[in-house]
Amino acid sequence: MTARPIPWETEQLAAELAELIRRKQDDAPFLDVLSDERFHSFEVGVALARHAAALQGVDASRCARLATAAGALCAGLFAEESVSQVSEEPGAVEEGERVRALVGNAVRLRGQGDGDLALALMTGHRQLPRGRGGELFRAQGLVHWEMTQLTEAVALLAVANVRFSDQRRAGEVLATRELRVLLHAEMGESWEALRLYASCRGTEPPTERPWLSARAALAAAFCHAERDTAGDRAALREALHRGNELAAVVTDERELLALTWLAARAKARLKSDARSAEELEALREPALLLLGWHDYALLTLDVFACRAGADHALDLNLLREELQPTAPTPETVGALFGFFQPGTGHAGLAWCEAGMIGRNLRSRSRASPRPGLRPLPFLVHWPRPHKVPNDPKPS
């Protein structure tokens with residue numbers, strides 16, 4: 001077993017290893033560079049993970065490659081020592097779990113439908129111990145969510161919430177609860193989404209992940225609009241105000257468009273009038289360009305539901321004709337509807353039917369080898385993040 005490097009040597013080795021991996025072609029195997037025994041330590045793995053964490057939201061491919069290498073080093077897969085030999089050191093378990101969470105989340109963010117791979121890497125192909133803190137459970141929950149394994153996602157995110165609470169990490173408790181709001185709203189479980197959102201109300205505006213808090217508020221606004229009682233209308237206005245306030249500090253164009261859409265659909269759900277339909281319609285072309293066809297199809301469903309009003313079913317034939325010209329393949333639109341029949345929603349309500357078709361679209365998209373929906377842009381929080389290296393832009 002090689003001697004452990006001291007801190008400044010650790011950073012140098014991690015930087016050298018990151019550069020070796022960067023030089024590899026995107027589709028070339030890269031774990032061979034770990035054969036050098038100088039890199040064989042838990043500390044180098046953690047330092048390399050800092051390099052990977054800095055690339056979250058910047059370069060998904062490189063982030064995943066660096067994170068995978070970091071995870072292999074931390075798991076002792078390329079060394080004589082095992083994780084158990086460092087697990088008793090202060091903070092080692094927490095650091096190791098954060099690296100494992102980063103690996104799985106980085107693979108998820110590539111958007112290539114590699115959910116099984118992400119789970120295998122986080123668990124060391126079921127050879128590593130179960131998680132103790134919230135990071136690992138949350139990362140696993142997000143992967144299950146995007147694999148449409150929603151029962152597992154619900155359970156794992158709930159466990160993550162408890163673990164973060166036990167650790168007194170208030171910011172992560174809030175973020176995880178907001179993820180659960182989005183998940184239950186997507187599943188059509190408005191009552192549970194609103195129950196969770198009630199515990200988020202009154203909190204200070206977050207300094208991190210304002211997009212997530214904005215999404216949760218706007219999703220709650222839509223759920224309140226579905227129920228449409230006097231109390232819900234007041235809560236809807238409050239949620240819309242909070243969501244729009246938080247959206248004002250978001251700078252990413254795609255995320256800002258998504259938030260504008262969520263706000264418009266909440267208002268349209270409450271009052272399906274011509275003006276609401278026009279607001280949604282104006283977002284369709286930008287959505288196709290920035291978000292992709294599957295989000296464009298979901299937005300089109302909202303437009304048609306709004307136009308149909310409260311007492312009519314969706315015009316499925318017209319909806320097919322609208323979506324077919326821009327669909328990735330001729331079969332995509334047919335698969336979108338599945339065995340859905342008009343009028344099977346509650347009393348034939350168009351919004352209910354749009355929700356059912358939308359859930360089918362998400363499920364089919366995420367089950368395909370190349371998912372059409374963007375991965376949720378949730379990043380693993382990293383203390384003392386590494387500065388993004390000033391190297392050539394990713395292709």
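Below is a table of values for the structure above.
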item: Average silhouette area of region 242-339, convex hull of alpha-carbon atoms, in square nanometres; result: 6.9
item: Computed E for Arg110/Glu331 - FRET, C-beta separation, R0 35 angstrom, nearest 0.05; result: 0.90
item: Label-to-label distance, nm, for residues given as Glu37 and Glu186 (7 Å Cα→Cβ offset); result: 4.7
item: Length released on extending from Gln324 to Asn360, taking residue separation times 0.36 nm less the Cα-Cα span; result: 11.3 nm
item: Size-normalised alpha-carbon gyration radius of region 196-280, reference 2.2 N^0.38 Å; result: 1.05
item: Choice from Pro205, Pro371, Pro330 showing the highest fluctuation, given a GNM over the chain with Cα pairs closer than 10 Å; result: Pro330
item: Total charge dipole magnitude, the chain, about the Cα centre, Cβ charges on Lys, Arg, Asp, Glu only, Debye to nearest 20; result: 540
item: Compactness of region 137-227 - radius of gyration and Dmax, Cα, Å; result: 12.4, 36
item: Region 243-266 versus region 102-133: alpha-carbon centroid distance in Å; result: 30
item: 3J(HN,Hα) from dihedral phi, region 369-381, Karplus parametrisation 6.51/-1.76/1.60, rounded to Hz, x for glycine, proline; result: x, 10, x, x, 7, 5, x, 4, x, 8, 10, 6, 5
item: Charge-dipole axis of the chain as Lys and Arg at +1 and Asp and Glu at -1 on Cβ define it, positive-most pick from Tyr197, Phe337, Trp211; result: Tyr197
item: Calculated [θ] (222 nm, deg cm²/dmol) that DSSP helices of n ≥ 4 give over the chain, each run adding -39,500 (n - 2.57); result: -20000 deg cm²/dmol
item: Base-10 log of normalised Debye intensity for the chain (one unit scatterer per alpha-carbon) at q = 0.11 Å⁻¹; result: -0.82
item: Dipole of the chain, positive direction: furthest Cα of Gly96, Gly45, Leu246, with charges on the beta-carbon; result: Leu246
item: Label-point separation, Leu379 to Ser199 (7 Å along Cα→Cβ), nm; result: 2.7
item: Fully extended contour minus Cα-Cα distance, from Ala155 to Glu19, at 0.36 nm per residue; result: 45.1 nm
item: Charge dipole (debye, nearest 20) of region 194-294; +1 at Cβ of Lys and Arg, -1 at Cβ of Asp and Glu; result: 360
item: Helix axis angle, 7-23 relative to the chain longest principal axis, alpha carbon, degrees; result: 60
item: Net charge contributed by nearby residues that have their C-beta within less than 12 Å of Ala214 (K/R +1, D/E -1); result: -1
item: Theoretical gain in end-to-end length, Gln12 to Ala120 [0.36 nm per residue, Cα-Cα removed]; result: 36.0 nm
item: Efficiency of FRET between Ala248 and Leu316 - r from beta-carbon atoms, R0 30 angstrom, step 0.05; result: 0.20
item: Top of Glu11, Glu253, Glu95 by mean-square fluctuation, Gaussian network on the chain, Cα under 10 Å; result: Glu253
item: Residues with amide H under 5 Å from that of Thr148, placed H, sequence gap 5 or more; result: none
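Here, each number is a calculation from the coordinates, and none is a lab measurement. For clarity, every value in this text was computed on a predicted model and none was experimentally measured. In this analysis, Cβ positions are derived from the backbone assuming ideal geometry, glycine residues included, and neighbour counts consider all displayed protein chains.
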